[in-house]
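Here is the structure we will look at, set down as structure tokens.
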Amino acid sequence: QVQLVESGGGLVQPGGSLRLSCAASGSIFSLFDMGWYRQAPGKQRELVAVIRSGGRRNYADSVKGRFIISRDNDKNTVNLQMNSLKPEDAAVYYCNARLPTIGYWGQGTQVTVSS
């Protein structure tokens, strides 16, 4: 069992930055592909960024060049640096840990982008 706890959400003005963090329990964190997803009201949950166990990163087109995902396997954390935030980035952001046969979700953290 893996527990994921997100932090770092909040209210930010358009053009601002936020850094989300996800702390994971367990001793095999380095084996997981770690991802950030988001879900806005009335919309489906969508992938924002993923960093594979080997370090390869993928981003949704909508966040490329603005968001950076990183992981620290020594600290069992995955971070999402979000820059140049837009109102359409507002959503609940969820951390995800995935192996080929199982996945885990955090409880989510709210990001609001508004002036």
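Applying the criterion of being of a type outside the set (F, W, Y) and under 11 Å from the mean Cα position of the chain (by Cα) to the residues of the range 25-43, the residue that is farthest from E88 (Cα to Cα) is M34.
Table: residues versus (1) farther than 22 Å from G10 by Cα; (2) at pLDDT 95 or above; (3) more than 13 Å from the chain's Cα centre (by Cα).
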site: A23; (1), (2), (3): no, yes, no
site: R45; (1), (2), (3): no, yes, no
site: E88; (1), (2), (3): no, yes, yes
site: A91; (1), (2), (3): no, yes, no
site: C95; (1), (2), (3): no, yes, no
site: L99; (1), (2), (3): yes, no, yes
site: S115; (1), (2), (3): no, no, yes
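Looking at the range 93-101, is at least one residue in contact with a Lys or Arg (Cβ under 8 Å, 6 or more places away or on another chain) and under 13 Å from L18 (Cα atoms)? Checked the range 93-101: at least one residue is in contact with a Lys or Arg (Cβ under 8 Å, 6 or more places away or on another chain) and under 13 Å from L18 (Cα atoms). All conditions but one from (1) in contact (Cβ under 8 Å) with a residue 24 or more places away in the chain; (2) farther than 21 Å from L11 by Cα apply to D61; the one that does not is (1).
The values are calculated or read from the model by the stated rules, or taken from the named source; none is laboratory data. In this text, all values refer to a predicted model and were calculated from it rather than measured experimentally. Cβ atoms come from the backbone with ideal geometry, glycine included; neighbour counts cover every protein chain shown.
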